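Since every read-out is calculated from the coordinates, none of them should be taken as a lab result. It should be emphasised that the depicted structure is a prediction, and the values quoted were computed from it without experimental measurement. Every residue, glycine as well, gets a Cβ built from its backbone with ideal geometry; the counts of neighbours run over all protein chains shown.
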Amino acid sequence: MSRQRERMNRLDEDDVRIRPTRGKSRPRSKDRPAHDEAKAGTVVAVDRGRFTVALADSETNDERTIIYAVKAREIGRKGLVVGDFVDLVGDLSGTEDTQARIVRRQERISTLRRTADDTDPVERVIVANATQLAVVTATINPDPSPGLIDRAFVAAYDAGIQPMLIVTKTDLHSPAELNRMYVPLDIPVFEIHLKLPTPRLVDALRNQVTVVVGHSGVGKSTLVNAIVPGTDRSTGGVNLVTGKGRHTSTSVVAIPLAGGGWIVDTPGIRSFGLAHVNADRVISSFADLAPGITNCPRACSHDEPDCGLNLWAPDQPIAVQERLASMRRLLAGVALPAG
């Protein structure tokens with residue numbers, strides 16, 4: 001104790017630690033590195049803040065070198081999803097136990113979104129920079145859901161993405177009803193027999209970024225495995241009690257195609273909310289109903305007594321009348337724009 005007192009007695013004002021004032025401290029620079037040496041890549045998988053990125057070759061632009069990365073501070077609060085074009089720095093060798101940093105997210109060409117339901121204010125980005133949306137439905141087991149198909153098509157049109165319909169299990173049940181509803185819409189329809197994709201479908205996927213959505217059990221992952229052998233995406237059947245598919249794929253993954261392009265497999269969905277889409281976008285997605293809309297009164301909601309569709313639809317085929325009913329169901333959950 002006496003030694004401590006003796007040491008304290010020897011201290012003077014020069015020994016007092018003074019915290020520097022703001023004027024004397026080193027100013028924090030607002031400059032950020034330009035990262036001119038950053039390399040371009042595409043996010044192909046996301047797992048709890050870790051990103052799998054396909055690195056673009058500077059000479060061939062062939063995105064095949066796979067690396068693992070995290071977000072750098074420069075990204076800030078920007079979210080990253082499968083399909084995002086990004087710039088990276090750090091260890092880009094792709095060897096085991098290495099990690100790069102994502103320093104920029106490039107501007108998105110398209111953004112495919114959905115909400116949990118039509119009242120959910122939270123938009124969920126499914127994939128970025130897709131050029132096509134393939135809605136997969138089975139003819140049976142589980143039964144097709146025209147409501148989900150129509151909703152996905154609306155979301156595709158809203159995002160500026162080309163929709164297509166892939167009908168599986170045509171060897172178990174006729175696809176005639178689905179063809180009757182969707183072939184007249186000038187939307188590409190592909191039939192899958194015995195789980196084998198047709199050359200026409202393979203050609204349609206080439207050099208495109210195609211995101212695949214649909215209910216669980218319709219055969220999305222089985223189709224992806226057939227198109228890209230060796231992919232080994234998890235597959236499953238249908239619950240015999242509920243008639244609904246079991247969730248097998250649990251993550252969004254972009255898979256390269258041998259002929260160029262990507263196919264993006266997604267987990268099965270039970271709903272496709274359109275809270276982010278206004279009524280005008282819904283109406284424009286039903287181009288086959290346009291002839292009946294021409295006689296509608298000004299600011300028509302298309303679900304009122306004076307709607308021109310009420311006089312036009314009874315003279316149309318049953319499939320068109322069903323499409324009108326589907327559009328009105330969608331409009332019931334979407335707020336009309338002001339004015």
- By average C-beta atoms within 10 angstrom, highest first, the peptides 164-170, 206-212: 164-170, 206-212
- Length gained, ASP186-ASP203, 0.36 nm per residue minus C-alpha separation, equals 4.4 nm
- Message: Checking a compactness column here: for segment 98-172, what do you get for Rg(Cα) / (2.2 N^0.38 Å), N being the number of residues?
- Response: 1.40
- Projected label distance in nm at ARG108 and ASN179, using a 7 Å step from Cα toward the beta-carbon: 3.7
- Using modelled backbone amide H atoms (1.01 Å from N, in-plane), which distant-in-sequence or interchain residues come within less than 5 Å of VAL264's amide H? THR210, VAL211, VAL212, ILE255
